[in-house]
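See structure below.
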């Protein structure tokens, strides 16, 4: 029969003050490492000198922006003109308000009938 060996018990004692002091030192050193890392990252990335582009590009970008704004405004005017040309008895909105005026006559229906069906 094999002999069962007795487990060895290691006596470990914890001192509250030693544990508290060790945790405090660990937190303090971790914070110090974090601040130091942030400082290194700041120096590495934020203090970079970016090359200056040659030429005056501000005027060309403003001209391009003005040109784009002019094109959008012209498109808006074309859309408005097409919407005004679509008024008449054959448009869906006019037909809707004619039906509303037939089924439930009201001031709103009459106003919208004049608005959308006027020649």
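The numbers here are math on the coordinates, done by the rules we state, and not lab data. Since this is a predicted model, take the numbers as computed values, not measurements.
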Using 0.36 nm per residue, how much length does the chain from residue 72 to residue 115 gain when fully extended, once their Cα-Cα distance is taken away? 12.8 nm
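Taking 37 °C and 0.692 mPa s as the conditions, I'd like the Stokes-Einstein D for the chain in µm²/s, using the Kirkwood hydrodynamic radius from alpha carbon pairs.
Values: Rh = 24.7 Å.
Diffusion coefficient, whole number: 133 µm²/s.
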